[in-house]
Amino acid sequence: MEKLWSGRFEGESHAWIDAFGASIDIDQQLAEEDLICSLAHVKMLAKTSILSVGESNEIIEGLEKLLEDNKKGHLVFTIKNEDIHLNLEKLLHDDIGPVAGKLHTARSRNDQVATDMHLYLKKEVIEINQSIQLLMGVLINKSEKNVETILPGYTHLQHAQPISFAHHLLAYYNMFKRDFERNQDSLKRIDISPLGAAALAGTTFPIDREYTKKLIGFKKNYSNSLDAVSDRDFILEFLSNSSLLMMHLSRFCEEIILWTSHEYQFVTLTDAFSTGSSIMPQKKNPDMAELIRGKTGRVYGNLIGLLTTMKGLPLAYNKDLQEDKEGMFDTVKTVKDCLTIFSSMLETMKINESTMYTATTKDYSNATELADYLANKGIPFRKAHEIVGKLVLDCIKKENYLQDIPLSEYHAISELIEEDIYAVLDSKTAVERRNSFGGTGFKQIQKELMNANEALMDMKQV
């Protein structure tokens, strides 16, 4: 079978070299996008009289048939035709004959593949953002039910201060909100058409790029043909945004993994998101959370891989750019799968409220409350900090807690300490009183939930 570009060549390449150079096993995922862009291109060729109406209609009919066959999964691609573009052109030629060769007038595979990827990524980023919205909705619903659920807040993985579980969940809501916004902003740089840039220098044919842009549904055209065919920033930005998103998912998964352990027992995952052991009958492992945490690394790898591919490339197109698609496809699938699994896992996760609360009563996370109490009585905070630190050390030695200290002992420290100290030291009170803007106090959380719901509604209007 003669290659569509074989005119310049005399010798035949070896099959194993063809296999090494081919990308059809990867870029066949762009078949629908390639056909959509080809339909727009041929309609433009007819509009500008570069092709006759009859030729255009014949090609359009063939392309629409290929589009329908592709949706049914009937198209068969071969390595001999290298990539999705040449495979589809060959299939079109087999169906309608030599007129198929006119489809490639005034374009190159360089602007063709770039256009396909822009169109593909535009669709996928929109779908990913829809999944992020669903996750944010789950976080809001979970938070609304757990405003007064108290658990230890941590720094350095040590008990720090008691906080509301809703406050903890809403911290992740804000992370995913930023992920949504980054993706939404990236659409400005994805929603651009390279079609018409041809190989690198544009074309002598009187094409109408505005027309193809509108037919395909892009907002803008690239204004520089060299940039149009060599730009992969939009993919790198997607991979970078996805790495941040996966990092947020991974951090949350790490906490869920800790919380399900025997030492914590803060939450319980349903059996659907857990697995057992082949040897230890008692095990219930949080495998889905661990897998999401693990898959974060492959998304990072896809970003670093493409950055490395791009770093030494001169303008314009180079065969190295064939390596731009596999990591993009893999990241799209990984991110979408992880968001789906995580949202369902979180939605069905049981919160063990009493265990969380008890953990805040058998620790010293209320020490700051006592220091603040003393500071409010006029004792300089640094002195109050020292006093409470010594009290905590004494409690550790006696194996009791601040709320166990008799009032008489508190009076020995300062006559300013009154009976109300025990209410102050209560975990729920400690959380409720932290009503500074953005704090964990219940009133602040209710305000945050109201804002979160409004923001989510606004996102759905985008």
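No value in this document is a laboratory result; all are computed from the given coordinates. Not measured: the values here are computed from a predicted model. Note that we place each Cβ from the backbone using ideal geometry, even for glycine, and neighbour counts take in every protein chain shown.
Of note:
- Estimated 222 nm signal from helices in the chain, with DSSP H stretches of n ≥ 4 weighted -39500 (n - 2.57), rounded to 500: -20000 deg cm²/dmol
- Computed over the chain, the Cα gyration tensor eigenvalues convert (square root of 5λ each) into semi-axes of 62, 22, 19 Å, ordered from largest to smallest.
- Think of the range 6-105 as having a plus end and a minus end, set by charges on the Cβ of Lys, Arg, Asp and Glu; of L51, L30, G101, L51 sits farthest toward the positive end of this dipole.
- Spin-label pair T308/R178, simplified geometry with 7 Å Cα→Cβ offset, distance in nm: 2.8
- Footprinting exposure proxy for E290, E237, E399, E61 (fewest neighbouring C-beta atoms within 10 Å first): E399, E61, E290, E237
- Think of the chain as a dipole: +1 on every Lys or Arg Cβ, -1 on every Asp or Glu Cβ, centred on the Cα centre; then among L88, P380, T260, P380 lies furthest on the positive end.
- Fewest-first ordering of D179, D320 by other beta carbons within 10 Å of each residue's beta carbon gives D320, D179.
- Sites D287 and K145, calculated FRET efficiency, Cβ-Cβ separation with R0 35 Å, nearest 0.05: 0.85
- Paramagnetic reach from A19 in the range 64-79 [backbone N under 18 Å; point 7 Å along Cα→Cβ]: 77-79
- Take the Cα of E64, step 7 Å toward its Cβ, do the same at D233, and the gap between the two points is 3.9 nm.
- Shape analysis of the range 6-105 based on the Cα gyration tensor places the equivalent ellipsoid semi-axes at 25, 17, 11 Å, largest first.
- Only Lys, Arg (+1) and Asp, Glu (-1) charged, at Cβ; the range 337-406 dipole about Cα centre in debye: 420
- Within the range 361-437, the proportion of Cα pairs with more than 16 Å between them is 47 percent.
- If R0 equals 41 Å, the separation of the Cβ atoms of D95 and L244 corresponds to a calculated FRET efficiency of about 0.35.
- Taking Cα centre as origin and charging only the Cβ of basic (Lys, Arg, +1) and acidic (Asp, Glu, -1) residues, the dipole magnitude of the chain rounds to 600 debye.
- Number of Lys pairs (Cα under 29 Å; 8 or more positions apart or on different chains) in the range 359-461: 23
- Extension gain (nm, one decimal) between Q158 and N451, 0.36 nm per residue minus Cα-Cα: 102.4 nm
- Rounded FRET efficiency, nearest 0.05, which uses the C-beta distance separating K319 from K188 and R0 of 45 Å: 0.95
- Relative contact order [Cα under 8 Å, 6+ residues apart], the range 160-221, whole percent: 30
- Residues V53, V431 in ascending order of nearby Cβ atoms (within 10 Å, fewest first): V53, V431.
- Here the range 6-105 is assigned +1 on the Cβ of each Lys and Arg and -1 on the Cβ of each Asp and Glu. Its dipole about the Cα centre then comes out at about 300 debye.
- Counting 0.36 nm for each residue step from D458 to I396 and taking away their Cα separation leaves a gain of 17.3 nm.
- Membrane-span-like helices of the chain, defined as complete DSSP H segments with a Cα extent of 30 Å or more along the helix axis and a mean Kyte hydropathy of at least 0.5, are identified as 233-259.
- Where labels lie 7 Å past Cα in the beta-carbon direction, separation of F329 and A272 in nm: 3.0
- Positive-end ranking of N285, S427, N352 along the dipole of the chain, with charges on Cβ about the Cα centre, is headed by S427.
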